[in-house]
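Trainee: This is the structure I have questions about; it appears just below.
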Amino acid sequence: QFCCGRSSSRSPPRASVSLAMADLAEVSDEPLCGGRLITFRWEGDRMVRAWMPSSHDPSSESLPCLWMQDGQNVFRDEVAFGGVSWGAAGTVAHLVDAGCIPRTAVIAIDHAGVRRSYDYLPAPPGNWGGMRGDMASALGGNVEAYSAAVLAELLPWAERRFGLSKEPKHRAIAGSSFGGIATLYMAMLHPEAFGAVIIESPSFWACEGRMMRDVREYKGQWPSRVYLAMGGCEYTATRPGSGEAGGGCDRFLTEACAECAGYLRAQGLDETRLDWHVEPGAAHNERDWCRRFPRALRWTLGASAAAAPSPPVAFWTRPSPVAPGRAFELYADPAKLKLPEGGFRQVHLGFDGWSRDVTTIPLQPAGLPHELAGGVAWLAALAGAPPGARSLHFAVTDGASWDNNGGENYDLPVASG
């Protein structure tokens, strides 16, 4: 996107056809997570997959929209790489139902198959000193033209077709891996187009350091909110037996993530605009991006949600009280948990005297916008209350020890009716 890099082979130039007054051919329309997933054909067999929340009426509702790269991997496990998707529709629907983010459309653009690296990278990726031999002959260099096509063709088409908001503050864009690099460049090339970006596990190894140089030397504006994340075992978790060399690749990527975050901080993205982290042990796959997705969405889209209670409490929910038959989020202050410091946290919860919907759910860093968090590094779990529920009970564990309120368990109210 920044500028086309070297490439030994180039595809024919993209036709300069505006779709602002045209339409894409609809391929399918099916229910998904309370809304509709509508698939359209864009270029050849390349699809655009649009999920709209329940009862959306384009004539009366102007929705925010999250645009996502690698559309094949966004919604359905059966078509996703590796058989696991982001589960984007379910996560967005849950957070909307809990009042954590506004009603939001999700539009996912398929990658171009064997031309994926060509569209997503500023230059050919190279083979990372032999650690990615599968990429040795891959192309790159079309990311600028791809970005321009998305903005010139797909955004105006979708805004007309679905009644989406045209305000940049109501647009976000997300991507992972090579798609994370494409998203990073879109943010630099078109900062006026998007209010927020989600960059997951960007392939900083590719293009011989090109991306880091471009970020370091960038002089423009950034979108209002940026989320950047990397797993601690990006290479070794997907390549068992890679040994010391694989561990070195893991360290390279986590250090590159920190380096990129440092440049963003230096360019004005303070703690109110940039949320970045490395998740220990996490791999380079949709399963782990899906797990971090709620945090990314709260940070980028959740600024208008209810703030944490003041003065801070140990636990609270959104909505409060929990509503029967509805999604909710349980928040916990890690400093107030009666558990050893550090380690993995889970909440064990149930309803109506532990007689209904008993389950155990991970507590993950919440990623609440700075102005809502009240200075607390909240953990959060997504759950749902069964219809007719009257009371919520829970305890927190690290797998060995329990914080169960001295044996009494914790209780929170459920709204009547």
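Trainee: Just in region 117-166: which trypsin sites (Lys or Arg not before Pro) are loop by DSSP and have at most 13 other Cβ atoms within 10 Å?
Mentor: Hits after loop and neighbour filter: Lys166.
Trainee: Would you mind giving the average projected area, over all directions, of the Cα convex hull of region 168-319 in nm² with one decimal?
Mentor: Reported value for the Cα convex hull: 10.3 nm².
Trainee: Sticking with this structure for a sec: I need the phi-derived Karplus couplings for region 247-264: 6.51 cos²θ - 1.76 cosθ + 1.60, θ = phi - 60°, integer Hz, Gly and Pro marked x.
Mentor: x, x, 5, 4, 5, 4, 5, 5, 5, 5, 4, 5, 5, 4, 4, x, 5, 5
Trainee: As an exercise, find the ratio Rg/Rh for region 181-222 from alpha-carbon atoms, using the Kirkwood inverse-distance average for Rh.
Mentor: Numbers: Rg = 10.3 Å, Rh = 10.9 Å.
Checking Rg against Rh, the ratio lands at 0.95.
Trainee: With springs only between Cα atoms under 10 Å apart, run a GNM on the chain and tell me which of Val92, Val48, Val27 wobbles the most.
Mentor: Checking each option, the largest mean-square fluctuation is seen for Val27.
Trainee: DSSP loop (so not H, G, I, E, B), at most 14 other Cβ within 10 Å: list which trypsin sites (Lys or Arg not before Pro) in region 204-244 pass both filters.
Mentor: Answer by residue number: Lys219.
Trainee: So what J values fall out for region 366-372 if you push phi through Karplus, 6.51 cos²θ - 1.76 cosθ + 1.60 with θ = phi - 60°, rounded to Hz, Gly and Pro as x?
Mentor: Once rounded to whole Hz, the list reads 6, x, 4, x, 3, 6, 9.
Trainee: To continue, here is another question. With the crude spin-label approximation of a point 7 Å out along Cα→Cβ, what separation in nm comes out for Asp77 versus Val114?
Mentor: Each label point is offset 7 Å from its Cα along the Cβ direction, giving 3.1 nm.
Trainee: Further question: Work out, step by step, the length gained on full extension between Glu30 and Arg160: first 0.36 nm times the residue separation, then minus their alpha carbon distance; give nm to one decimal. Walk me through the intermediate numbers first.
Mentor: On the way: separation 130, 0.36 × 130 = 46.80 nm, distance 2.05 nm.
Extra length from Glu30 to Arg160 when fully extended: 44.7 nm.
Trainee: Between Ala98 and residues 5 or more places away or on another chain, which pairs have amide H atoms under 5 Å apart, with H built 1.01 Å from N, and which residues are they?
Mentor: Under 5 Å from the amide H of Ala98: no residue qualifies.
Trainee: Could you sort 173-180, 343-350, 58-65 so that the peptide with the highest average Cβ count within 10 Å comes first and the rest follow in order?
Mentor: 173-180, 343-350, 58-65
Trainee: In addition: For Ser320, put the label point 7 Å out on the Cα→Cβ axis and report which residues of region 401-417 keep their amide N under 15 Å from it.
Mentor: Only 411-415 fall inside the zone, counting backbone N under 15 Å.
Trainee: Kindly provide log₁₀ I(q)/I(0) values, in the same order as q = 0.14 Å⁻¹, from the Debye equation applied to equal alpha-carbon scatterers of region 260-403.
Mentor: Results for region 260-403 at q = 0.14 Å⁻¹ read -0.74.
Trainee: Calculate one ³J(HN,Hα) per residue across region 313-330 by plugging θ = phi - 60° into the Karplus curve 6.51 cos²θ - 1.76 cosθ + 1.60, and present them in order as whole Hz with x for glycine and proline.
Mentor: So the J values, rounded to whole Hz, are 10, 6, 9, 7, 10, 10, x, 10, x, 4, 9, x, x, 10, 6, 8, 10, 9.
Trainee: Taking N as the number of residues in region 113-190, what value does Rg over Cα atoms divided by 2.2 N^0.38 Å take?
Mentor: Cα-based Rg divided by the globular estimate yields 1.28.
Trainee: Please list the radius of gyration and Dmax for region 29-91, considering alpha-carbon atoms only, with Å as the unit.
Mentor: So, for region 29-91, Rg and Dmax equal 12.2, 39 Å respectively.
Trainee: Still on this structure, I have one more. With a point put 7 Å past each Cα toward its Cβ, work out how far Ala400 is from Glu208 in nm, to one decimal.
Mentor: 4.9 nm
Trainee: Further, regarding this structure: If you put +1 on each Lys and Arg Cβ and -1 on each Asp and Glu Cβ, how big is the dipole of region 204-314 around its Cα centre, in Debye rounded to 20?
Mentor: On the way: 14 positive and 14 negative charges, 68 e Å.
It works out to roughly 320 debye.
Trainee: Next up: Please report the antiparallel percentage of the DSSP beta bridges confined to the chain, to the nearest 5.
Mentor: If I count the DSSP bridges inside the chain, around 65 percent turn out antiparallel.
Trainee: If you don't mind, another one. Mind checking which of Pro311, Pro191, Pro324 has the largest fluctuation in a GNM of the chain, springs on alpha carbons under 10 Å?
Mentor: Looking only at Pro311, Pro191, Pro324, the biggest GNM fluctuation is shown by Pro311.
Trainee: Could you run the Debye sum over the Cα atoms of region 45-192, one equal point scatterer each and no solvent, and tell me log10 of I(q)/I(0) at q = 0.09, 0.18, 0.20 Å⁻¹, two decimals?
Mentor: -0.30, -1.10, -1.30
Trainee: Turning to a different aspect of this structure: About the Cα centre of region 335-417, what is the dipole size in debye to 20, counting +1 per Lys and Arg Cβ and -1 per Asp and Glu Cβ, all else neutral? Don't skip to the end; give the middle numbers.
Mentor: Details: 5 positive and 8 negative charges, 14 e Å.
Using Cβ point charges on Lys, Arg, Asp and Glu, region 335-417 gives about 60 debye.
Trainee: Now a separate question. By the gyration tensor of its Cα atoms, with a ≥ b ≥ c the square roots of the eigenvalues, what is the shape of region 110-154: rounded for a/c under 1.5, prolate for a/b over b/c, or oblate?
Mentor: prolate
Trainee: Separate question: Mind listing which GluC sites (Glu not before Pro) in region 319-417 are in a DSSP loop and have 11 or fewer other Cβ atoms within 10 Å?
Mentor: When the GluC sites (Glu not before Pro) of region 319-417 are filtered for loop state and at most 11 Cβ neighbours within 10 Å, Glu341, Glu408 remain.
Trainee: While we're looking at this one, here's another question. Peptides 125-131, 193-199, 28-34: what's the order by average Cβ count within 10 Å, highest mean first?
Mentor: By packing density, highest mean first, the sequence is 193-199, 125-131, 28-34.
Trainee: State to the nearest 20 debye the size of the charge dipole of the chain about its Cα centre, where the only charges are +1 on K and R beta carbons and -1 on D and E beta carbons.
Mentor: Details: 38 positive and 45 negative charges, 109 e Å.
With only Lys, Arg, Asp and Glu charged at Cβ, the dipole is about 520 debye.
Trainee: Return a whole-number percent for the relative contact order of region 165-230, with Cα pairs under 8 Å and 6 or more residues apart as the contact set.
Mentor: After rounding, I find 36 percent.
Trainee: Along the Cα-to-Cβ line of Asp57, 7 Å from the Cα, sits a label point; which residues in region 64-106 have backbone N less than 16 Å from it?
Mentor: Of the residues in region 64-106, none has backbone N under 16 Å from the label point off Asp57.
Trainee: Pull up all non-local amide H partners of Gly232: gap of 5 or more, or a different chain, and H-to-H distance under 5 Å with H placed in the peptide plane.
Mentor: The list, which skips near neighbours in sequence, is Glu279, Gly281, Ala282.
Trainee: Another one. Taking the structure as given and computing P(r) over Cα pairs in 10 Å bins from 0, in percent, which label from (1) 4, 17, 22, 24, 19, 9, 3, 1, 0; (2) 4, 16, 19, 16, 13, 11, 9, 6, 4, 2, 0, 0; (3) 4, 21, 31, 25, 13, 4, 0 fits?
Mentor: Answer label, from the structure shown: (3).
Trainee: Between Ala415 and Ala245, what FRET efficiency follows from the Cβ-Cβ distance if R0 is 56 Å, with the result rounded to 0.05?
Mentor: The formula returns an efficiency of 0.50 here.
Trainee: What is region 27-170's relative contact order, in percent, from Cα pairs under 8 angstrom and six or more apart in sequence? Please report the intermediate quantities before stating the final value.
Mentor: On the way: 242 pairs, mean separation 32.6, N = 144.
It comes to 23 percent, rounded to a whole number.
Trainee: Report in % the part of the accessible area of the chain that belongs to carbon and sulfur, leaving out ligands and nucleic acids; probe 1.4 Å.
Mentor: It is 53 percent, rounded to a whole number.
Trainee: Along the Cα-to-C-beta direction of Val84, a point sits 7 Å from the Cα; which residues of region 176-218 have their amide N less than 20 Å from that point?
Mentor: Answer for region 176-218: 176-180, 199-203.
Trainee: Mean projection of the alpha-carbon convex hull of region 79-119 over all orientations, in nm²?
Mentor: Values: hull surface 15.5 nm².
Seen from a random direction, the Cα hull of region 79-119 projects 3.9 nm² on average.
Trainee: Measure off 7 Å from each Cα along the Cα-to-Cβ vector at Val313 and Lys338, then give the distance between these two points in nanometres to one decimal.
Mentor: Distance between the two pseudo-spin positions: 1.8 nm.
Trainee: May I ask which residue of Pro202, Pro168, Cys257 lies farthest towards the positive end of the charge dipole of the chain, with charges of +1 (Lys, Arg) and -1 (Asp, Glu) on Cβ and the Cα centre as origin?
Mentor: Value computed over the given set: Pro168.
The values are calculated or read from the model by the stated rules, or taken from the named source; none is laboratory data. No experiment lies behind these values; they were computed from the predicted model shown. As a convention, Cβ positions derive from the backbone with ideal geometry for all residues, glycine included, and neighbour counts pool all protein chains shown. Accessible surface is based on the protein model in full, side chains and every heavy atom, while ligands, DNA and RNA are left aside. Shrake-Rupley method; radii C 1.70, N 1.55, O 1.52, S 1.80 Å.
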